[in-house]
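Some notes on the structure that comes next.
The values are calculated or read from the model by the stated rules, or taken from the named source; none is laboratory data. This structure is a prediction, so every number in the text was calculated from the model and none was measured. Using ideal geometry, Cβ is built from the backbone for each residue, glycine included, and neighbour counts are taken over all protein chains shown. These accessible areas exclude ligands, DNA and RNA; they are computed on the full protein's heavy atoms, side chains included. Shrake-Rupley method; radii C 1.70, N 1.55, O 1.52, S 1.80 Å.
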Amino acid sequence: QLQACGGGLVQAGGSLRLSCAASGRSFSNYRLGWFRQAPGKEREFVATITRSGGTQYYADSVKGRFTISRDNAKNTVYLQMNSLKPEDTAVYYCAAQSVVRNGFSRKNDYDYWGQGTLVTVSS
């Protein structure tokens, strides 16, 4: 089970940090990711981090502004979001990939999802 939190209302240029806590003892075996879904749009990939935390990948739209990290001792994955823009407004979801796959940027690459946390960026 994944539980995301940390969303809220922020002005453009501001920062937020999202957290996603997981229950269970296999957390360190999962690739983790963040997706987002804006109103009227499809859910899209934001970032992912490997099981060890050694490698991260980002969508071009957030590269250089967002940072994904994980703390396996706390069973938590984070998304630090800086220089936020109004177009970052969306519900953000954390996801876990329990089965090793080649892909990591599609919704179907992940097996477990958090409930989502709303991020609103005002201009």
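Observations on the model:
- Scanning the stretch 65-111 for residues that are of a type in the set (D, E, K, R) and open to solvent by less than 40 Å² (accessible area, probe 1.4 Å) yields a total of 4.
- Answer from SER15, SER26 - the residue that is under 14 Å from GLN80 (Cβ atoms), exposed (fewer than 13 other Cβ atoms within 10 Å of the Cβ) and in contact (Cβ under 8 Å) with a residue 24 or more places away in the chain: SER15
- Verdict on VAL62 being hydrophobic (A, V, I, L, M, F, W, C), under 12 Å from the mean Cα position of the chain (by Cα), crowded, with 18+ Cβ neighbours inside 10 Å and assigned to a loop (DSSP other than H, G, I, E, B): yes
- Candidate set: the stretch 31-51, residues that are in contact (Cβ under 8 Å) with a residue 24 or more places away in the chain and small (Gly, Ala, Ser); chosen: the one surrounded by the fewest Cβ atoms within 10 Å (Cβ to Cβ): ALA38
Residue by residue, here is whether (1) outside any strand (DSSP E or B); (2) among the hydrophobic types (A, V, I, L, M, F, W, C); (3) more than 10 Å from the chain's Cα centre (by Cα) holds:
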{"site": "GLY24", "(1), (2), (3)": "yes, no, yes"}
{"site": "LYS41", "(1), (2), (3)": "yes, no, yes"}
{"site": "SER52", "(1), (2), (3)": "yes, no, yes"}
{"site": "TYR57", "(1), (2), (3)": "no, no, yes"}
{"site": "VAL100", "(1), (2), (3)": "yes, yes, yes"}
